[in-house]
There are 2 protein chains.
Amino acid sequence: MEKPAPTTTPIHALLARRWSPRAVDPDRPVKPETLQVLLEASRWAPSCFNEQPWRYLVFDGRNASALEAARSCLVDGNAWAKKSPVLLLSVARESFTHNNKPNRHAQHDVGLASENLVLQATELGLMTHQMAGFDAARARELFNIPEGFTPMAMIVVGYPGKLEDLPEPLREREKAPRTRKPASEWAFAGKWDVAFMP
Amino acid sequence: MEKPAPTTTPIHALLARRWSPRAVDPDRPVKPETLQVLLEASRWAPSCFNEQPWRYLVFDGRNASALEAARSCLVDGNAWAKKSPVLLLSVARESFTHNNKPNRHAQHDVGLASENLVLQATELGLMTHQMAGFDAARARELFNIPEGFTPMAMIVVGYPGKLEDLPEPLREREKAPRTRKPASEWAFAGKWDVAFMP
């Protein structure tokens, strides 16, 4: 199911096509080689001091117990995501490697990398859905995530599934139009709260 | 000057082409309509609860004093960026609009949006360079950025300039190969520090 963004002005098709569906095919695995391409895309994101503060934990069918453990971290509202054949967990390293001082851009830079990752997935015909709704403390314990690293998002990666396989309330949400605030509410010209006008 | 990422596996050309040059054409302005396209690309990034915590302050030639003020926030190491005809400042809203509770994904989600923005710029033949090196407290004061919002990155947006116009040490950096850590150092399979292998 395609749901291109109803943009006010044309943008690159890859950016417009990316969205966050919930219908995922539980029976079609994603090859490790394909996951490697997604990781390679994230690899070339920019970052402060080229620190590359992103880490990704990959849970796929090759390690069923780890995948099950990752699923067990999801909140009830994200139960639909347990069908995904792959979950990723993005993690931020909160300090710089070269001097151990706090990196205030770490989480921001993980976002830069993860956007690359989900766009590359879009290009390969995969769907992705990043989720804040998971038990980060549990994930830290289950997967040995050290102090100084912050779990950011669980990411569904899979091939598109069937709308009919979603439970009813989610089916409606899947079909609902994509919405965003108008840019005039958050893009300012030279000073806060002065709407940018082209 | 193009400097496509030397990837280990092919990725989408748009992602491979994006990089962070310093040579910017000081004499070629960026039309407001073009900046609007960049903002529209960021608009369709995903975010936790669809909060869209990103804000962008735009400094362009239409308000010379605001642009000069933005330039005055840059640290000495980023003096080269004062030549840019446009600066953007990305800002994160640290709480959710619907309940005012902290949004721990705010900065991460600004990263998602900014990556869309710089990729759209790449598509339009613009160069971008996100910078952590600026005086955030000064920016807050100069541009009336309220408490509860965190300035994240100053972003150069312009058309590519000439290598010869950069001072010598930067000229060498501009030509240096792009480098990243191997994915095996930060992509793990099922457990921390177990390298993901395709």
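Select, from A:R140, A:R173, the only residue that is loosely packed, with under 15 Cβ neighbours inside 10 Å, closer than 23 Å to B:L112 by Cβ and not β-branched (V, I, T).
Among A:R140, A:R173, only A:R173 is loosely packed, with under 15 Cβ neighbours inside 10 Å, closer than 23 Å to B:L112 by Cβ and not β-branched (V, I, T).
Mind listing just one residue for me: the one in segment B:59-82 that is charged (D, E, K, R) and surrounded by fewer than 18 Cβ atoms within 10 Å (Cβ to Cβ) and, of those, farthest from A:A187 (Cα to Cα)? Full working, then the answer.
Narrowing segment B:59-82 to residues charged (D, E, K, R): B:60, B:62, B:68, B:71, B:76, B:82.
Now restrict to residues that are surrounded by fewer than 18 Cβ atoms within 10 Å (Cβ to Cβ): B:62, B:68, B:76, B:82.
Details: B:R62: 15, B:E68: 19, B:D76: 27, B:K82: 21 Å.
Across segment B:59-82, the extreme among qualifying residues is B:D76.
Just one of the numbered conditions (1) surrounded by 15 or more Cβ atoms within 10 Å (Cβ to Cβ); (2) closer than 24 Å to A:L35 by Cβ is not true of A:K162; which one?
Status for A:K162: all satisfied but (1).
Would you mind telling me which numbered condition in (1) without any contact (Cβ under 8 Å) to a residue 40 or more places away in the chain; (2) of a type in the set (A, V, I, L, M, F, W, C); (3) assigned to a helix (DSSP H, G or I) B:A69 fails?
Unmet condition: (1).
Any chance you could count how many residues in segment B:12-25 are out of contact with any Asp or Glu (no Cβ under 8 Å at 6 or more places or on another chain) and of a type outside the set (F, W, Y)?
Residues flagged as out of contact with any Asp or Glu (no Cβ under 8 Å at 6 or more places or on another chain) and of a type outside the set (F, W, Y) within segment B:12-25 amount to 7.
What strands (runs of 3 or more DSSP E), lying completely within segment A:104-198, carry at least 3 residues that are in contact (Cβ under 8 Å) with a residue 12 or more places away in the chain?
Ranges flagged: A:127-131, A:149-158.
How many residues does segment A:3-49 contain that are more than 7 Å from chain B (Cβ to nearest Cβ), assigned to a loop (DSSP other than H, G, I, E, B) and of a type in the set (G, A, S)?
Result for segment A:3-49: 2.
Exactly one of (1) over 15 Å from the mean Cα position of the chain (by Cα); (2) facing another protein chain (nearest Cβ under 8 Å); (3) of a type in the set (V, I, T) is unmet by B:V58. Its number?
(1)
Tell me, please, whether a residue that is in contact with a Pro (Cβ under 7 Å, 6 or more places away or on another chain) and of a type outside the set (F, W, Y) can be found in segment A:46-58. Full working, then the answer.
Filtering segment A:46-58 for residues in contact with a Pro (Cβ under 7 Å, 6 or more places away or on another chain) gives A:47.
From what's left, of a type outside the set (F, W, Y): A:47.
Taking every residue of segment A:46-58 in turn, at least one turns out to be in contact with a Pro (Cβ under 7 Å, 6 or more places away or on another chain) and of a type outside the set (F, W, Y).
None of the figures in this text is laboratory data; all of them are computed from the coordinates on show. Keep in mind that what you see is a predicted model, and the values were worked out from it rather than measured. Here Cβ is always computed from backbone atoms with ideal geometry, including for glycine, and neighbour counts include all displayed protein chains.
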